[in-house]
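Okay, so here's the structure we're looking at.
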There are 2 protein chains.
Amino acid sequence: MLTLYDNADSGNAYKVRLILALLDIPYKRVEVDSVHGETRTPAFLRRNPNGKVPAVELADGTHLWESNALLWYFAEGTAFLPDSRMEHAELLQWMFFEQYSHETKVGVLRAWARHGPITDEQRRQIPTLEKEGYRALGVMEAHLDQRDFFVAGVPTIADLALYAYTHVSHQGGFDLSDYPAIRGWLDRIAALPGYVAITDA
Amino acid sequence: MLTLYDNADSGNAYKVRLILALLDIPYKRVEVDSVHGETRTPAFLRRNPNGKVPAVELADGTHLWESNALLWYFAEGTAFLPDSRMEHAELLQWMFFEQYSHETKVGVLRAWARHGPITDEQRRQIPTLEKEGYRALGVMEAHLDQRDFFVAGVPTIADLALYAYTHVSHQGGFDLSDYPAIRGWLDRIAALPGYVAITDA
């Protein structure tokens, strides 16, 4: 049996819960309190030396980590991971965009809002992160303006990666009123058969 | 002919120059002054809506961007991208680690050191970024302590992704004296047939 080292509030961990639900893959869930240091204990660092959720232990005892690598692993061979070389590049383009230019702004402001108190250093970064977060949302809005999904015209792991923090971006203070293409796309993801909400952990 | 929208000093752009050299793929190189706003012009944003180098224009006019997605694209079908599902997951695990936990500390401090002046907000972040950068280097050191390369025992795009900013980390103030496994690995990458230096742009 697969084990997911999870955190109910983490968007990165939710990506893994979501792909496992969409693919109807059974797993055992272990909640890890990442906000209070449980990802940095010696026992957890043997699972993920980088000290973050999500991490997965496969049936043979192998560990894998990094949310978007886990999306790729579980989706390989399914319709959520189209199979051409160009589509692979496009999927990864959006998934690296998500981790570098989106999660670090949209996801971080949500985490700070939910798990405060924050430091003065963090507080001073908020205006910059808000500006950069809206810039990333603008890149998504422009891409979705003429498309139903990010890659190949079908729902893929690129959508799931970007959905995780976008659909709860209001919890970090982002307002999607002026982003109608994103709002339509969020509705299409939430309508996928097998969909689970981030609050279902 | 392939066109690379490049910046001579960018480690992310260097990843693409390096894989193209290792695979002996010809390309046209266009230098973009990312430090002085040339990645945010309307003309460049049509190539990469996220406004960053590297970006690539393929012979058919298609654009791709995100350095690690480009590594995957060029390496697919070669020995730099091993072909099993588990190896794919391991490659991506380390490549997402690189973009989230390594480049954002080790690469950012190098950029600030080379392209100042920096803001007071940035200056206050330096101690945190140094601490987190050394933590990422520690994760790499522990992994390489018993291995020649990151995945599958052979040089792959995971190595190239992590090499780019690690081998010039001293330019951001990092000292690798206490990281002998990393130093040995850097030497193995620099010895690959076809290797080019970051200064060869």
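The values are calculated or read from the model by the stated rules, or taken from the named source; none is laboratory data. The shown structure was predicted, so the numbers you read here are calculated from the model rather than taken from an experiment. Positions of Cβ are generated from backbone atoms using ideal geometry, with glycine treated the same way; all protein chains shown enter the neighbour counts. Side chains are part of the model used for accessible areas, which takes the heavy atoms of the whole protein and leaves out ligands, DNA and RNA. Shrake-Rupley method; radii C 1.70, N 1.55, O 1.52, S 1.80 Å.
Treating only the Cβ atoms of Lys and Arg (+1) and Asp and Glu (-1) as charged, compute the dipole magnitude of the protein assembly as shown about its Cα centre; round to the nearest 20 debye. Numbers along the way, then the final one.
Details: 38 positive and 54 negative charges, 125 e Å.
Approximately 600 debye in magnitude.
Along the Cα-to-C-beta direction of A:Leu2, a point sits 7 Å from the Cα; which residues of the stretch A:182-199 have their amide N less than 15 Å from that point?
So the set is A:194-196.
Once you put a point 7 Å from the Cα of B:Leu45 and another 7 Å from the Cα of A:Arg29, both along the Cβ direction, what distance in nm separates them?
Once both label points are built, they end up 4.0 nm from each other.
Charges only on Cβ, +1 for Lys and Arg, -1 for Asp and Glu: so what's the dipole of the stretch B:50-106 about the Cα centre, in debye to the nearest 20?
In total the dipole reaches around 200 debye.
Which listed residue (A:Ala13, A:Gly37, A:Leu58) has the Cα farthest towards the positive end of the charge dipole for the stretch A:3-78, taking +1 on Lys and Arg C-beta and -1 on Asp and Glu C-beta about the Cα centre?
A:Gly37
Which value results for Rg/Rh of the protein assembly as shown when Rg is the Cα radius of gyration and Rh the Kirkwood radius based on the inverse mean 1/r?
Across the protein assembly as shown, the Cα-based Rg/Rh ratio is 0.93.
Tabulate in residue order the Karplus-calculated ³J(HN,Hα) for the stretch B:144-149, using 6.51 cos²θ - 1.76 cosθ + 1.60 with θ = phi - 60°, rounded to whole Hz; enter x for Gly and Pro.
With coefficients 6.51, -1.76 and 1.60, one gets 7, 4, 10, 9, 7, 9 Hz.
Could you compute how much accessible area chains B and A hide from each other, both sides summed, with a 1.4 Å probe? Nearest 100 Å² is fine.
So the buried area, both faces added, is about 3900 Å².
Nearest-to-axis residue of chain B, judged by Cβ, for the B-to-A rotation, with distance in whole Å?
B:Gln99, 3
Find the accessible area per residue for the stretch A:97-201; the probe is 1.4 Å, ligands and nucleic acids are left out, and the unit is Å². Provide the component values of the computation, followed by the final result.
On the way: 4590 Å² over 105 residues.
Accessible area per residue, the stretch A:97-201: 44 Å².
Hey, got the dipole for chain B? About the Cα centre, +1 on K and R Cβ, -1 on D and E Cβ, debye to the nearest 20?
Computed charge dipole of chain B: roughly 400 debye.
Suppose you put the label 7 Å out from Cα in the Cβ direction; list, shortest first and in nm with one decimal, how far A:Asp145 is from each other copy's label.
5.3
What are the ³J(HN,Hα) values, in whole Hz, obtained from phi via the Karplus relation 6.51 cos²θ - 1.76 cosθ + 1.60 with θ = phi - 60°, for each residue of the stretch A:7-19 in sequence order, with x given for Gly and Pro?
Computed from phi, the couplings for the stretch A:7-19 are 9, 4, 9, 7, x, 5, 5, 4, 3, 6, 4, 5, 5 Hz.
Restricting to DSSP loop positions (anything but H, G, I, E, B) with no more than 13 other Cβ atoms inside 10 Å of their own Cβ, which trypsin sites (Lys or Arg not before Pro) remain in the stretch B:30-111?
B:Arg46
Name the residues of the stretch B:77-111 whose accessible area, probed at 1.4 Å, falls by at least 30 Å² once all protein chains are in place instead of their chain on its own?
Listed by number, the residues meeting the 30 Å² cut-off are B:Arg85, B:Met86, B:His88, B:Ala89, B:Leu92, B:Gln93, B:Phe96, B:Phe97, B:Gln99, B:Tyr100.
Shortest first, in nm, what separates the label point of B:Pro42 from those of the same position in the other copies (7 Å along Cα→Cβ)?
Here the equivalent label points are 6.2 nm apart from this one.
First measure r as the distance between the Cβ atoms of A:Ala59 and A:Glu87, then evaluate 1/(1 + (r/R0)^6) with R0 = 41 Å and state the FRET efficiency to the nearest 0.05.
So, using R0 = 41 Å, E works out to roughly 0.90.
Over the stretch B:85-199, with every protein chain in place, what whole percent of the accessible area is carbon and sulfur at 1.4 Å, could you tell me?
That fraction is 50 percent.
Amide H to amide H, which residues 5 or more places from A:Ala55 or on other chains are under 5 Å from it, using H placed in the peptide plane?
Amide H neighbours of A:Ala55: A:Tyr5.
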